[in-house]
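Note sheet for the following structure.
Quick note: the coordinates plus some simple rules give every number you see, no bench work behind them. Values in this document were obtained by computation on a predicted structure and should not be read as measured data. All Cβ positions, glycine included, derive from the backbone under ideal geometry; neighbour counts span all protein chains shown.
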Amino acid sequence: MPGTALLIGTRKAFFIYRSDASRERWELSPPMLKGTSVYQAAVDTRRRPSRILLAANHWAWGRSVARSDDGGQTWDQRSPGLGFPQDMGITIDNVWGITPGHPAQPGVVWAGTQPAGLFRSDDWGESWQPVDDLNRLPDRKFWHMTGGGQSALTAIELDPRTPDRIFINIATGGCYCSEDGGRTWEPRWHTAIATTPEVREMFEKIAEMFPEMEEQFPAPEGVDPLAANEFHRLRIDPKNPDRLWGQAHVGVFRSDNAGRQWHDVTKGLPSFHGFPLAVTKQGRDAVFVVPLEMEADNFRVVNGQFAVYRTADAGATWERLTRGLPGPHDYQSVYRDAMDTDGIDPEGVYLGTTNGEVWYGREWGESWVRLPGTLPPILSVTALPADLL
């Protein structure tokens, strides 16, 4: 076995872990791109050497898609064209999503931004063009973030069978799909209706406390207010690309027909709220989430005992995994992009916490060990076989 490489994006730098073949010994790199917040990381394995791509954001030096062809020793952050047209009247606050294109389209790379926007590169991330067919959708008026700030395009998921099918996720704004390579887009979130009583109760309380919210933040006509227009994390199942998973603000959802119809599979979890979601990449089918306490006081952390929940039956039941995880007096969280699987049999699961800890779940999360080091707050975790890096 090749061992695992973990690409770790934090609020203050980028790091790489590498394991031996048994995944027992781990080495941590020095910090790279110091001072940069790395929202997502990806490895473009369509070229040799592989190219590391980062959604890199620096408060002083700006936003970019950073690139390295030598394992992180050197970086190029020039990103010409990565910006909205002047007539749209908006500028990029952060680069968020980053995804190498389909193998049938060498050179294509996709990037998502905040405010929500989709950008495409045809030269491996060297230069960029806005995808106006998405960015100028009439639906844009519904892409808003309550409580201030701008919505963000946080996920770009590609169907491995065809370059024509592309999914994107906008928080808050919903999941959209293109079936023609990005020329036209349709919403694929309207049927993701939350069914847990706690969600309905929460919405009723919000409506009582903020009666003006419906007018300030309108929803598309005819859409149920309980529809999950905010998937914190959207994932395609590479083993079954017609299946999508979403960890939303209001529950966990599964679609078996490319997002046309969604099923609320939150039942069995201690909370409808959470951020990350990870799907196994081969072999045994499993999905992992980290439920968070969700109350009016906006606590949003694990409630003392850190626990990962796993389903191996498409969300019909959930198992609580705690062996080796900290508790009972542990109060931290996991951000939306900070959990992944490595695709090595038996599949490892990895997560990074807001306290800067990285945890490895052996054998589909049966037991957990903490990797060496304490990092800045972790924003993203990307796992892959080490020989692909």
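Note on His263 and Asp70: the model spin-label points, each 7 Å out from Cα along the C-beta direction, lie 5.1 nm apart.
For Pro115, the shell of other residues with beta-carbons less than 13 Å away shows a net charge of +3, using +1 for Lys and Arg and -1 for Asp and Glu.
Placing unit charges on the Cβ atoms of the charged side chains and taking the dipole of the chain about its Cα centre, the candidate lying farthest along the positive direction among Ala192, Gln247, His102 is His102. Between Glu179 and Ala314, what FRET efficiency follows from the Cβ-Cβ distance if R0 is 35 Å, with the result rounded to 0.05? Efficiency, rounded to the nearest 0.05: 0.90. The modelled label-to-label distance between Leu388 and Arg284, using points 7 Å beyond Cα along the C-beta direction, is 2.0 nm.
For a paramagnetic label modelled on Arg370 (point 7 Å from Cα along Cα→Cβ), amide N atoms under 16 Å away belong, within segment 334-354, to 334, 351-354. Placing dummy labels 7 Å off each Cα toward the beta-carbon, the span from Arg78 to Ala307 is 5.3 nm.
Magnitude of the charge dipole for the chain, about its Cα centre and with charges confined to Cβ atoms of Lys, Arg (+1) and Asp, Glu (-1), is about 960 debye.
In plain terms, the chain from Lys12 to Asp345 could stretch by 116.6 nm, reckoned as 0.36 nm per residue minus the Cα-Cα distance. Computed over the chain with a Gaussian network model linking Cα atoms closer than 10 Å, the most mobile of Met294, Met88, Met202 is Met88.
For segment 1-66, the Cα gyration tensor yields ellipsoid semi-axes of 24, 15, 7 Å (square root of five times each eigenvalue, largest first, whole Å). Dividing the helix sum by the residues of the chain, where each DSSP H run of 4 or more adds -39500 (n - 2.57), gives a mean residue ellipticity at 222 nm of -1500 deg cm²/dmol.
In a reduced charge model with +1 at each Lys and Arg Cβ and -1 at each Asp and Glu Cβ, segment 220-261 shows a dipole moment near 260 debye about its Cα centre. Here the Gaussian network model covers the chain, with springs between Cα atoms less than 10 Å apart; of Val308, Val223, Val38, Val223 fluctuates the most. Take the alpha carbon gyration tensor of segment 292-389, find the square roots of its eigenvalues, order them as a ≥ b ≥ c, and report rounded if a/c is under 1.5; if not, report prolate when a/b exceeds b/c, else oblate. In terms of gyration-tensor shape, oblate.
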